[in-house]
1. Which of the following values of Cα extents along the principal axes in Å was calculated from the structure shown: (1) 70, 43, 25; (2) 48, 42, 29; (3) 49, 32, 32?
2. When the accessible area of region 92-173 is split by element with a 1.4 Å probe, what percent falls to carbon and sulfur?
3. Excluding Glu47 itself, calculate the net charge of residues whose Cβ lies under 11 Å from the Cβ of Glu47, where each Lys or Arg counts +1 and each Asp or Glu counts -1.
4. Report the relative contact order of the chain, percent, no decimals, based on alpha-carbon pairs under 8 angstrom and at least 6 residues apart.
5. So what is the diffusion coefficient of region 128-167 in µm² per second by Stokes-Einstein at 4 °C and 1.567 mPa s, using a Kirkwood Rh over Cα pairs?
6. How much accessible area per residue does region 35-88 have, in Å², with a 1.4 Å probe?
Amino acid sequence: MTAVAQASGPSSIITFRVLPARTVGVAAFVAVVCRLPFLHRALGADEAGFLMVGRQWNGSGTSLYGNYWVDRPPLLVTIFRIAAAWGGMTALRLIGCLAVVLLVWGTAWTAHAIGGVQAGRWAAICAAALCVSPLLGSYAINGELLAAPFVVFGLGCVVVSLRSQAPRQAFAY
């Protein structure tokens with residue numbers, strides 16, 4: 001279906017495609033399917049290093065993360081520690097797929113809060129496309145990918161809170 005919107009001038013007509021309700025789920029699904037072929041690809045330097053730090057992190061040693069130093073926050077290293085405990089490389093890549101799904105859904109939710117239903121659906125498509133772009137390291141699981149869902153949901157909470165009419169609802173976000 002196509003919708004037509006009249007802009008400020010008489011000859012300025014903007015047409016845009018109205019996306020169906022399942023767009024966000026399909027975008028997230030396609031992004032995960034595009035990442036699955038890289039599930040067993042050899043680890044990159046950052047992935048292997050963070051897994052090594054996460055695996056040996058036991059609370060003792062010469063630095064915060066044991067005998068190795070890395071300038072990353074504890075939550076990120078905890079995610080790598082969980083991946084190391086669950087099997088290493090494959091678990092890490094599956095956690096990355098979960099991060100992609102959360103990123104697509106969070107982007108859609110935030111854009112929906114800002115610009116409405118169609119904005120959310122288009123934003124989901126854009127987020128999914130960026131998550132599988134080879135130019136952005138689509139096969140690697142890095143700190144940026146794992147942090148992105150936290151950031152996008154945080155931004156969404158700020159937007160919803162600022163637009164809220166009820167102080168209690170704003171405080172809840």
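1. Looking at Cα extents along the principal axes in Å for this model, the match is (1).
2. C and S fraction of accessible area: 74 percent.
3. Taking every other residue near Glu47 into account, the sum is +1.
4. So the answer I get is 23 percent.
5. Roughly 108 µm²/s, to the nearest whole number.
6. With the other protein chains kept in place, region 35-88 gives 61 Å² per residue.
The values are calculated or read from the model by the stated rules, or taken from the named source; none is laboratory data. The model shown is predicted, which means the values in this text are computed figures rather than measured ones. Neighbour counts are summed over all protein chains in view; Cβ atoms, including those assigned to glycine, are modelled from backbone coordinates with ideal geometry. Protein only, heavy atoms only, side chains kept; ligands, DNA and RNA dropped before computing areas. Shrake-Rupley method; radii C 1.70, N 1.55, O 1.52, S 1.80 Å.
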